[in-house]
1. For LYS49, give me every one of the lysines with a C-alpha distance below 23 angstrom, ignoring sequence neighbours fewer than eight places off in its own chain.
2. Return a whole-number percent for the relative contact order of the stretch 106-219, with Cα pairs under 8 Å and 6 or more residues apart as the contact set.
3. Helix-only mean residue ellipticity at 222 nm, the chain, DSSP H runs n ≥ 4 weighted -39,500 (n - 2.57), per residue, nearest 500. What is it?
4. Please give the contour-minus-distance gain from SER182 to GLN65: 0.36 nm per residue of separation, less the Cα-Cα distance, rounded to one decimal in nm.
5. Give me the percent of accessible area attributable to carbon and sulfur for the stretch 80-143, probe 1.4 angstrom.
6. Round to the nearest 10 and report in Å² the accessible area of THR137, as given by a 1.4 Å probe over the protein chains' heavy atoms.
7. Computed from these coordinates, which is Rg/Rh (Cα atoms, Kirkwood Rh): [x] 1.21; [y] 0.95; [z] 1.44?
8. Give, in nm to one decimal, the length gained when the segment between ASN140 and ILE21 is fully stretched (0.36 nm per residue of separation minus the Cα-Cα distance).
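The values are calculated or read from the model by the stated rules, or taken from the named source; none is laboratory data. Note that the coordinates shown come from a computational prediction; the quantities given were computed from them, not determined experimentally. Heads up: the accessible areas ignore ligands, DNA and RNA and are worked out on the full protein's heavy atoms, side chains in. Shrake-Rupley method; radii C 1.70, N 1.55, O 1.52, S 1.80 Å.
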Amino acid sequence: MNRERGSSFTLIELLVVIAIIAILAAMLLPALSEARNKARQSSCLSQVKQLTLGLHMYTDENDSQFIRADPIAGMPRGSQNDNVNWWRFYLQPYIGNWDVFICPKGLRTAKDAADSRNQFHRTYGYNTSLGNRVMVTIKNPSDLLAMADASHWNANGCNGLSAAWASIDKRPPGNPCNASQSVNWVSTTTRHRLGSNIGFADGHCEWRTARQMQSQSPALVTP
């Protein structure tokens, strides 16, 4: 009497199925990772746009002058003292949500943003060279960086390379400053697919590669 073959897989069949799954996973994971990074870039660009619009709302209510990031009297300060991202407190009333100040690939939280004792860098930076400048006196607003991904809170640091090479936490170890040395100019120190999101003084926002920004600095941050 012949026995009917069972429906269970043989060991070889299981190994073949596992191999196929492994191959498919190897093919799909890079695509999924790229999609996730693209989504973060898009989310970040939206937030840079909100910050840039908030900056223009501030100028509209302050005689067309851009924020001068002076320390605010009465607010507690940490060990950095005046080396603190004070511009966020001038801008926050026009944004209303601390989460907008947090880049999806930055190293800070909304709790950090609301705490004046926190220097609050490694997320977004403001071009502090705009401080107290009046819009009508700026000849190149469509080419002038106002807000951007940045390794420090002043995006114009290191002649704008703080914004070009924004992930200072990913730089090669043992190198000082905010991406000022060419040894730091590697893909791992960029934040969004080899570049950064930028909000310009005229209000428009876009993504540019770090190499583009490097070639355009320091004019990119000079009013």
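1. Cα-Cα hits under 23 Å: LYS38, LYS105, LYS111, LYS139.
2. Working: 222 pairs, mean separation 27.0, N = 114.
Computed value for the stretch 106-219: 24 percent relative contact order.
3. On the way: 5 runs with 76 residues, N = 223.
Result for the chain: -11000 deg cm²/dmol, rounded to the nearest 500.
4. Numbers: separation 117, 0.36 × 117 = 42.12 nm, distance 3.46 nm.
Result for the pair: 38.7 nm of gain on full extension.
5. Details: 1310 of 2890 Å².
The nonpolar share, carbon plus sulfur, comes to 45 percent.
6. In the full protein context, THR137 sits at about 70 Å².
7. The value matching this structure is [x].
8. On the way: separation 119, 0.36 × 119 = 42.84 nm, distance 5.41 nm.
The ASN140-ILE21 span can extend by a further 37.4 nm.
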